[in-house]
Amino acid sequence: MRKLLKSGAMLLLALLLVLPTAGFRASASSYPCVGIVLGDNVNVRTGPGTNYDVTACVWTGVTVDVFAKEGNWYKIGTGDGTAYVCADYISVRPEDLANRGNLGMGSRVVAIAKKYLGIPYRYGGSDPSGFDCSGFTSYVYRQLGYELNRTSHDQLANGVAVSKSELKPGDLVLFKKAGSSRVHHVGIYVGDGMMIHSPQTGDVIKYTSITTGYYNRVYYAARRIVR
């Protein structure tokens, strides 16, 4: 029975990730319509309430077919059945649907990175028992199928260059001291002038500003890995 339930949940999630058909309208004035998920790790339930079972999770940028609204819950299509997602995490606004390509993978990078807040710095570390800066970034991106170079300096060669003013969540941010020929640190941009990174011995993975203080002074470059 457990195997059957697990298989059903996996099938449900796979069906949710399929883009909706072109015939549906991106408007909630009538149903069916198209919705876009605007939260990470959002529960899909068997009914319109938190007392119903969770069958899968969906992520920012995923599009779903919306068939009705029951209270504060959207009834969504899953290919061979229906399920429910809290309306707080689904948008049916055309402008959000038009921008869905900008919402997906970068937000997933950030969501994965956040799981490791508080993990201690470990020199040479590249797993959840402890990370150095580039071990952390490599580990996070690898979970989405992206292989980065191992050292912070060599990660400068990954992705495509973006300016500091064009940063988006999920971008790599790299740092180099004045007069040095090598990048000495790397983190993951999360938005609002902040990054998640593994700083140094005795510290832990945490948020830090890249627009004030030390990391503003040594900011060097950014690379977009997911596009």
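The values are calculated or read from the model by the stated rules, or taken from the named source; none is laboratory data. Since we're looking at a predicted model, the values are computed, not measured. Glycine gets a Cβ as well: all are built from the backbone with ideal geometry, and neighbour counts include every protein chain shown.
Here is how the numbers come out for the structure above:
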quantity: Residues being within 26 Å of Pro169 (Cβ to Cβ), free of Cβ contacts under 8 Å to residues at least 60 places away in the same chain and in contact with a Leu (Cβ under 8 Å, 6 or more places away or on another chain) - total across region 39-85; calculated: 9
quantity: Total residues in region 135-184, condition part of a loop (DSSP other than H, G, I, E, B) and within 18 Å of Gln200 (Cα to Cα); calculated: 9
quantity: Condition met for Val110 (in a helix (DSSP H, G or I), in contact (Cβ under 8 Å) with a residue 60 or more places away in the chain and outside the structural domain of Val58 (by TED's automatic domain parsing)); calculated: yes
quantity: Residue count for region 118-161, restricted to those that are among the aliphatic types (A, V, I, L, M) and either crowded, with 18+ Cβ neighbours inside 10 Å or more than 21 Å from the chain's Cα centre (by Cα) (or both); calculated: 5
quantity: Options Thr55, Thr78, Thr21; residue that is within 28 Å of Val226 (Cβ to Cβ), crowded, with 19+ Cβ neighbours inside 10 Å and either assigned by TED's automatic domain parsing to the domain that holds Pro169 or modelled with pLDDT under 75 (or both); calculated: Thr78
quantity: Sole residue being touching a Gly at 6+ places or on another chain (Cβ under 9 Å), in contact (Cβ under 8 Å) with a residue 12 or more places away in the chain and more than 14 Å from Ser134 (Cα to Cα), chosen from Val162, Val218, Val190, Val173; calculated: Val190
quantity: Residue within region 132-145 that is assigned by TED's automatic domain parsing to the domain that holds His185, farther than 26 Å from Ser181 by Cα, at pLDDT 95 or above and not acidic (Asp, Glu) present; calculated: no
